[in-house]
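Below is one structure, written out as structure tokens, with a few remarks after it.
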Amino acid sequence: MPSVHPPDTDARDLTLLYRGPLASCDYDCPYCPFAKRRDSPDQLRADRAALERFTAWAAGRARTGDTLSLLFTPWGEGLVRSWYRRALAELSRLPHVRRVAIQTNLSCRTDWLAEAELDTLALWVTYHPGQVTHDRFLTKCRELDALGVRYSVGVVGQPEHLAEARRLRAALSPGVYLWINAAEGRTYTDAEAAQWAALDPHFGYSRHAHPSAGHPCRTGESVLSVDGDGTVRRCHFVRDVLGNLYDGSYRAQLRARSCPLASCDCHIGYVHLETLPLYDLFGEGVLERVPHGWPEAVNNRLPTDHAV
């Protein structure tokens, strides 16, 4: 008889944010806070090897009893690379993976999604006016709709993007949530914020940084950040190392923690703060940024929604 591996008595339900060394992007947005570079062939091979190692590790957790939710947050654009498309499709078919999602500009082709388990896979999509035409981007969204892919779409709240964001909201399916990210370093008047909130009723959460020092956060206990070499940190914004994914040293460090930083202003960070109601707001859509019950929920907004 084949050997049976009993579940680990320390089995965990973990959310992992993976960011490998990939930094190249086919877009060059002037407002992007991430430095772009052209990856060399050696750098691309290193990124591919790191991703394949992470994918193999995730697949191997089936025998431990761990359940995983995975969000890929590359500096550059991952889905134009075959190894990211393959990894997402493979991971989506694993029964112990609850969700696998990636942040993307959707410039890739969409036919690969036919190989994925669409009850598990989701996309966090950003629309960048000036980098792609409205019609070309909308065509890709229509392809996702036809395939039945779960996704959200977002726009950076630059004043020059407002007209395009309105046009996009009018064209998107009502079932697609359009989120607005406050632009880096920008302060919004109440009138300006109201314009964006008319498109995204939850813009208030992005408008201001959230005080976080000493506040309880799920990162470091059930939510972790993983680099390409397997270095584990509590999140992308706290640099203290908890251990390494591949030697298992991170496991002993998993515990409830408060945030050591004064504030948190990025959605992939503050969504995990226990002082905010965002797990209730997003439900199973935390990783792909899709509110629970959207779009019906927009007519029954949580009373705790932050004022814009």
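Annotations
- Taken over segment 120-153, residues that are of a type in the set (G, A, S) and surrounded by fewer than 21 Cβ atoms within 10 Å (Cβ to Cβ) amount to 3.
- Residue list for segment 189-232, restricted to those being small (G, A, S) and either closer than 16 Å to P260 by Cβ or part of a strand (DSSP E or B) (or both): A209, S212, A213, G214, G220, S225
- A search for C-beta distances below 9 Å between a residue of segment 158-173 that is in contact (Cβ under 8 Å) with a residue 40 or more places away in the chain and any residue that is part of a helix (DSSP H, G or I) and surrounded by fewer than 17 Cβ atoms within 10 Å (Cβ to Cβ), counting only pairs 6+ apart in sequence or on different chains, returns L168/H134.
- Boolean, E117 is at pLDDT below 95, surrounded by 15 or more Cβ atoms within 10 Å (Cβ to Cβ) and acidic (D, E): no
- Looking only at segment 37-62, and only at residues there that are touching a residue at least 24 places away in the same chain (Cβ under 8 Å) and of a type in the set (D, E), the one that is nearest to L16 (Cα to Cα): E52
- G214 being surrounded by fewer than 19 Cβ atoms within 10 Å (Cβ to Cβ), modelled with pLDDT of 95 or more, among the small types (G, A, S) and within 30 Å of A56 (Cα to Cα): no
- Condition met for A23 (aliphatic (A, V, I, L, M), buried (at least 16 other Cβ atoms within 10 Å of the Cβ), touching a residue at least 60 places away in the same chain (Cβ under 8 Å) and under 21 Å from R239 (Cβ atoms)): no
- Considering (1) surrounded by 21 or more Cβ atoms within 10 Å (Cβ to Cβ); (2) outside any helix (DSSP H, G or I), the lone condition that C108 does not fulfil carries the number (1).
- Just one residue in the set A50, A56 is part of a helix (DSSP H, G or I) and surrounded by fewer than 16 Cβ atoms within 10 Å (Cβ to Cβ); that residue is A56.
- Here S249, S258 are screened, and the one residue that is touching a Leu at 6+ places or on another chain (Cβ under 9 Å), surrounded by fewer than 17 Cβ atoms within 10 Å (Cβ to Cβ) and either modelled with pLDDT under 95 or farther than 17 Å from S69 by Cα (or both) is S249.
- Looking across segment 63-86 at every residue that is touching a strand residue (DSSP E or B) at 6+ places or on another chain (Cβ under 8 Å) and not in a loop (DSSP other than H, G, I, E, B), the one that is surrounded by the fewest Cβ atoms within 10 Å (Cβ to Cβ) is identified as T67.
- Count of segment 233-253 residues which are out of contact with any Lys or Arg (no Cβ under 8 Å at 6 or more places or on another chain), closer than 20 Å to S263 by Cα and free of Cβ contacts under 8 Å to residues at least 40 places away in the same chain: 2
- Condition check for A165: assigned to a helix (DSSP H, G or I), touching a Pro at 6+ places or on another chain (Cβ under 9 Å) and buried (at least 20 other Cβ atoms within 10 Å of the Cβ): yes
- Near pairs, Cβ below 6 angstrom, 6+ apart or cross-chain, from segment 125-142 (under 17 Å from Q103 (Cα atoms)) to any residue that is of a type in the set (D, E) and surrounded by 17 or more Cβ atoms within 10 Å (Cβ to Cβ): P129/E164
- Cβ-Cβ under 7 Å pairs, at least 6 apart or on other chains, segment 9-20 side under 11 Å from L254 (Cβ atoms), far side assigned to a strand (DSSP E or B) and among the hydrophobic types (A, V, I, L, M, F, W, C): L14/L68; L14/L224
The values are calculated or read from the model by the stated rules, or taken from the named source; none is laboratory data. The shown structure was predicted, so the numbers you read here are calculated from the model rather than taken from an experiment. Please note: Cβ atoms are built from the backbone with ideal geometry, for glycine as well, and neighbour counts cover all protein chains shown.
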